[in-house]
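This report refers to the structure that appears directly beneath it.
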Amino acid sequence: MSTPSEPALLRVHDLHKSYGDLEVLKGINLELKAGETLSLIGPSGSGKSTCLRCINYLEKPTRGDIWLGDELIGQVKDGRRIRLMSDREMAPQRREIAMVFQLFYLWPHLTVRDNVALGPIKAQGMPRKQAYELADAMLEKVHLRHKAEVYPEQLSGGQQQRVAIARALAQQPKVILFDEPTSALDPELVGEVLAVIRELAQEGRTMIMVTHEVRFARDVADRVIFMDGGHIVEQGPSAQVIDSPRHERTRSFLGRMAMEGA
Amino acid sequence: MIGFFQQYPEYWSDWSARLLLGARITAELSLIGFALALVLGALLVWALRSPSGLPRRLAALFIQSMRAVPLLALLLALYFALPSLGLTLSGYWAGAIGLGLQGAAYVAEILRGGLDSLHRGQREAAIAIGLTPLKAFTAVILPQVFRVILPPLLNAYVSILKDSSLCALIATDELMLAARAIASETFLPMHVFLLVGLFYFVIAFPLSMLSRVLEKHVSRGRKTVRG
Amino acid sequence: MANFEVFLGLLPLLLKGALTALEIALCALLLASAGGVVLAVMLTFSRSRLLHGVVGCFIEWMRNVPALAHLFLIYFGLSYLGINLPAWLAAIVGLSLVGSAVLADIFRSGLQSLHVGQHEAGLAVGLSRMQILRCILLPQALRVTLPAFANYVTQLIKDTSIASAIAVPEIMFLARNLVTSTFQTSLIYLAVMCIYAAMILPIGVGFIRLERHLGSAR
C-alpha cells in the first residue's frame, strides 16, 4: 500500500473523447499512486473502457493529457506545437503500461510461451533464452507453466486470460490496465482469473481495473471510481463507495448490481 | 504525350470496323463458351452427386483433368490434333468448345460450393412437407443457391471472356487477332493493344464490380430466414 | 501417322521446355508474391485516398484485361517506345504484374480477416507496426490464404503457356514447332498435357499436405 504523501504515478488530466458528435468522456481527472489498485465501475456506455483505452492511446483523446511520472504520454513537443505521437514513437511508452483485454487477444499461431515472450524479444530486444526464462517465470506466477508449449485454442477461457496476464507481466510494466477481464468468461472460470489479480494487488502492483465484479472491486481495490455518462460521479476508498455511496446514481447502480448478484 | 493520342482519331476509321467485328466474335465466343460451361457444369455436378460410383468418378476425373491442363493446350489439341482423328473444327468452334470444357470444370466447382453451402436440413424439410425431389429442388433449393452462386458465376464469365483472347492463337477472328494484325500492319502496337485492352476492360470491369457488390449483399442477408 | 520412335526422340526437348516454363513461373511467383504483399499492406493500412485509388486502378486493369494483352503490350508495345525486352523477360514481367494484382487481393482479404484485437494486443505490448505486421499479422494471413494461393500457383504454371505467343522457348512453343515439323500432332499434344498435369498435380498435393501440417501445429 502507498503513503498519502507520495506523488502520483499516473495522472489523467481533463480527458475528453468524442466520436464525431458523440461525446463519450466529458472531462475525466484521476490520479493513481504507485502500488495502488483502482477500480472503475459504472453502467455500460459510461465511458469507463474508453477512459482506460485512452490511457495507453489505443483511443486518441480529443482533449486532455495523460502523465506517467514526469512523462507526457502520446504527445510530443514539435517546435512550438504539441502533436500526437506515431505508434512507433509511442512504443517505448506503451511498454510501461500493460493491458489485459476482455477478449484476451492471444495470438493463435504462437504457443503460450511464444505469446508471452514475443514482447520482450521484439519490443525490448531481449535475447531469446532470457525472454523464455522470463516467460516461464511469468507463466509460473499465473500457475500455467505446464501449458507453455500449448496453443491458445487448446486452453479454456480462464486459462487464456491468465496467459494474457502473464504476457502483460512480461513487459515489466509500471501500470497494468484491465479492461473487463472476466466479462467474457463462463462463470465457473471467473474465479481463477480474479485469484491471480488479487495476488498481483497484494504484491503491490499499480493497477486500474474496469470491471463488473463489484464485490471483487470492494475486496481488492484500494479506491473505486464510479462513472456515468462520461463523468466521474463519485470516487473514494472502495469500502466507502460501495458500502455507503453518497450519490443517488451510485446507489441505484450498486442496487441494480446487487440484485443481479454481482 | 499528346502526340501519342493524336494517332487515334486518324486511325479510328480504319480500325473501328475490324475491331468491332472482332469484338462481336469475342462476345459470341465467350457467351457460347459460357452457355456450354453452364450446361456441362450442371451435368457434372449432377453426376458428382449421383449415388452410383461410376458417374461420380468420371465427373471427378474430368474436372481434375481440365484443371491440370492449360487452356491453350486444350485449344491447340482441339484445333490441330482432332483432324487427324477425323474431326475437323474451325477455329471458332474449337475455341468455343475449349472454353466450354474448361469453363465447365470451373462452373461445376461453383455449383457444388453453392449446393454445399445450403444446409442439408433444407432439403429434408422440403421433402418432409411432401414436395417431390424435383419440386424441392426448384422451389426451395435453387432460389437460395442462386443468390450465392451468382457472384462467382459472374467472375467465371469474366474469366472466359479474358480466355477467349487465346483463341487468337488458333486463328479465330476475334478481337485479339484483329489487334495483332493491325499492330503488325501499322507498327503501332502500343496504340492498338492499349485500345483493345480498354475494350476488354469496359466489359469486364462492370461485371467484376457487380459481382463484388452482389457478394457483399448476399453475405449480409445470409442468416435471415425467408418466409 | 503416329510414329512412336520419332515421338520418343522429341520427349527430351519437350521436357526441357517444361523446365523453362517452371523457371519462368518461379521468377514470376517470387516477384508477384513480393508485390502482392506490398500492395496488400498498403491497401490495408494506408488511409490515403490517392494511394487506394492508384493501387485500385492498377489492380483492376491487371485483372480485367487478358494476360495475353498484357504480354503483347509489354513485348510489342514497349519496343515501340524503344524498350526492347527479350521475350522471356517480357513474359516474367507480365506474369509478375498480373500475379501481384491477384495476390494483392488475396493477401488483403487475409489480412482484413484477422481480428483488430490482435493488432491492438501487439500495440499494447509495445511492438512497432512493422513488428506486428511481420510477427503477428502476415504469418496468420498467409496461413489463412493458403488455398487461394495454391490456386494461384497452379494457374500461374498453366499461364506460362501464353508466353508461347511471344516465342518464348517453353514447352507449348516447342510443341507447336515440333508439330509443324514432324506431324506427330496427337502424340505431342497428349504428351504436353500429361507433362503439365505431372507438374501441377504434385504441387496441388503438396499444398494440401502443407495446409494439413500447418493446421495440425495449432
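Just a few scattered comments:
- From least to most packed, judged by other beta carbons within 10 angstrom and beginning with the fewest, C:203, A:97 follow the order C:203, A:97.
- Gap separating the Cα centres of region C:1-51 and region A:9-65, nearest whole Å: 54
- Summarising the strand pairing of the protein assembly as shown, around 60 percent of its internal DSSP beta bridges are antiparallel.
- If you take the Cα centroid of region B:40-83 and the Cα centroid of region A:190-258, the two points sit 68 Å apart.
- Taking other C-beta atoms within 10 angstrom as a stand-in for reagent exposure, C:70, A:16 fall in the order A:16, C:70, fewest first.
- The shape of region A:1-117 comes out rounded: with a ≥ b ≥ c from the C-alpha gyration tensor, a/c is under 1.5.
- Size of electric dipole in region B:2-219: Cβ of Lys, Arg +1 and of Asp, Glu -1, about Cα centre, debye, nearest 20: 940
- Cα gyration tensor shape for region B:2-219, rounded if a/c is under 1.5, else prolate or oblate: oblate
- Taking amide H as placed 1.01 Å from N in the peptide plane, residue A:228 has its amide H under 5 Å from the amide H of A:233, each at least 5 places away in sequence or on another chain.
- 5 angstrom amide H check on residue A:100, placed H, neighbours 5+ away: A:177, A:178, A:179
- Most mobile of B:197, B:33, B:114 in a GNM of chain B (Cα contacts under 10 Å): B:197
- Phi-based couplings in Hz for region C:137-146 (Karplus 6.51, -1.76, 1.60; Gly and Pro marked x): 7, 5, x, 6, 4, 5, 4, 5, 8, 3
- For region C:55-69, putting each phi into the Karplus relation 6.51 cos²θ - 1.76 cosθ + 1.60 with θ = phi - 60° gives couplings of 4, x, 4, 4, 4, 5, 4, 4, 8, 9, 10, x, 4, 4, 5 Hz, in residue order, rounded to whole numbers and with x for Gly and Pro.
- For region A:90-168 versus region C:142-188, the gap between their alpha-carbon centres in whole angstrom: 48
- Positive dipole terminus of the protein assembly as shown, leading residue within A:220, B:190, B:98 (C-beta point charges): B:98
- Environment charge of residue A:65, counting only residues whose C-beta is closer than 14 Å and scoring Lys/Arg +1, Asp/Glu -1: +2
- Residue-wise HN-Hα couplings along region A:237-244, as the Karplus relation 6.51 cos²θ - 1.76 cosθ + 1.60 with θ = phi - 60° gives them from phi, are x, 4, 4, 5, 5, 7, 7, 10 Hz; Gly and Pro carry x.
- Most mobile listed residue (A:40, A:110, A:22) in chain A, GNM with C-alpha springs under 10 Å: A:22
- Cα-Cα over 22 Å, subset of A:141/A:174; A:17/A:48; A:33/A:174; B:162/B:216: B:162/B:216
- Sorted by Cβ density within 10 Å, fewest first, the residues A:175, A:224: A:175, A:224
Any read-out appearing in this document is the output of simple, stated calculations on the displayed coordinates, not a laboratory observation. Model, not experiment: these values are computed from the prediction. Every residue, glycine among them, receives a Cβ derived from its backbone with ideal geometry; neighbour counts consider all protein chains shown.
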